1. Could you list, in their original order, any pairs among K111/K176; K21/K48; K163/K192; K48/K176; K21/K176 whose Cα atoms are separated by more than 25 Å?
2. Please give the per residue volume of the convex hull enclosing the alpha carbon atoms of segment 59-183, rounded to a whole number of Å³.
3. So between L40 and D179, what do we pick up on full extension, going 0.36 nm a residue minus the alpha carbon distance?
4. Could you compute the FRET efficiency for A25 and H87, with r as their C-beta to C-beta distance and R0 at 35 Å, rounded to 0.05?
5. For C13 and I195, what does the FRET efficiency come to when R0 = 51 Å and r is the distance between their Cβ atoms, rounded to the nearest 0.05?
6. Residue by residue through segment 138-146, what is 3J(HN,Hα) from phi via Karplus (6.51 cos²θ - 1.76 cosθ + 1.60, θ = phi - 60°)? Round to whole Hz and write x for glycine and proline.
7. For labels at D215 and R202 in the simple 7 Å Cα→Cβ model, what's the distance in nm?
8. Scan around H130 for amide H atoms under 5 Å from its own, H built in the peptide plane at 1.01 Å from N, and keep only partners 5 or more places away or cross-chain.
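Rule-based calculations on the coordinates, nothing more; no lab input. Model, not experiment: these values are computed from the prediction. Using ideal geometry, Cβ is built from the backbone for each residue, glycine included, and neighbour counts are taken over all protein chains shown.
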Amino acid sequence: MTIKPEALNCPNCAAAVSSDKTQCAFCRSRLKTVGCPSCLGLMFLGSKFCSHCGVKTASVEAMAGEKDGDCPRCRIRLETLEIDTTHIRECMRCGGFWASVDTFERLCADKEQQSAVISFIGSEAHPHAHPAVIQYVPCPDCGELMNRSNFARSSGVIIDLCKQHGVWFDADELPKIIDFINGGGLSRARAKERIDIEDQRRRLRDEQRRQTTQDQRYGLKPNWDEDDRSMIGKFVRQLFD
């Protein structure tokens, strides 16, 4: 679907600017088009009010960050944004996003924040998105190469993860993950994980009974409890490695 350009006002000098422009011709401010959180009408990031419905839109603001970091793909400075109460960093060239571990955990659990982020990102494919290729990229915070992981092991969305600092989403990946969560995918993945743990415990109990029977046959004293707890503990920890 093609969005027809429309006349908007620059949030810095109030000059009329076409919505498809990325810079104001009068004050030279950089411009980014976003959707109004209320009516989804087009507006420029930083506008205090939506020109369509009049709602106050201070919930989406650009923030000055001391450690914005660089885009792991484009190698340009990320821009820190506050979308409602969600702090996230965006690459203005490719449309990728960087979220801290805490931010991503809250986003997965908070439907209101998911809605706010989707309203900001939109559903259109980013024109400068990087092609989906297998490539390990550096963490914007520490510079170490990140791991690649299938989110929730079943979403089909491969994200780049630094366990200490956060998650990188290429353009279009974050909306797909939010759709996956809203469709019950995360709940199904957690239920499957619990089933897998119970299956492992059942196998351990079966092995315990078999070993106890064998020890009794040869007059050996069972010493399974410690090993049982150790094996289960190792298995659970592997889920978070």
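1. Working: K111/K176 14 Å; K21/K48 19 Å; K163/K192 23 Å; K48/K176 29 Å; K21/K176 27 Å.
Beyond 25 Å between Cα atoms: K48/K176; K21/K176.
2. Working: hull volume 12.8 nm³, N = 125.
Value for segment 59-183: 102 Å³ per residue.
3. Details: separation 139, 0.36 × 139 = 50.04 nm, distance 1.80 nm.
Length gained between L40 and D179: 48.2 nm.
4. On the way: r = 31 Å, r/R0 = 0.89.
Once rounded, the FRET efficiency stands at 0.65.
5. Numbers: r = 59 Å, r/R0 = 1.16.
For R0 = 51 Å, the calculated efficiency reads 0.30.
6. x, 5, x, 8, 10, x, 6, 5, 8
7. The modelled label-to-label distance comes out at 2.4 nm.
8. Hits under the 5 Å cutoff: A171.
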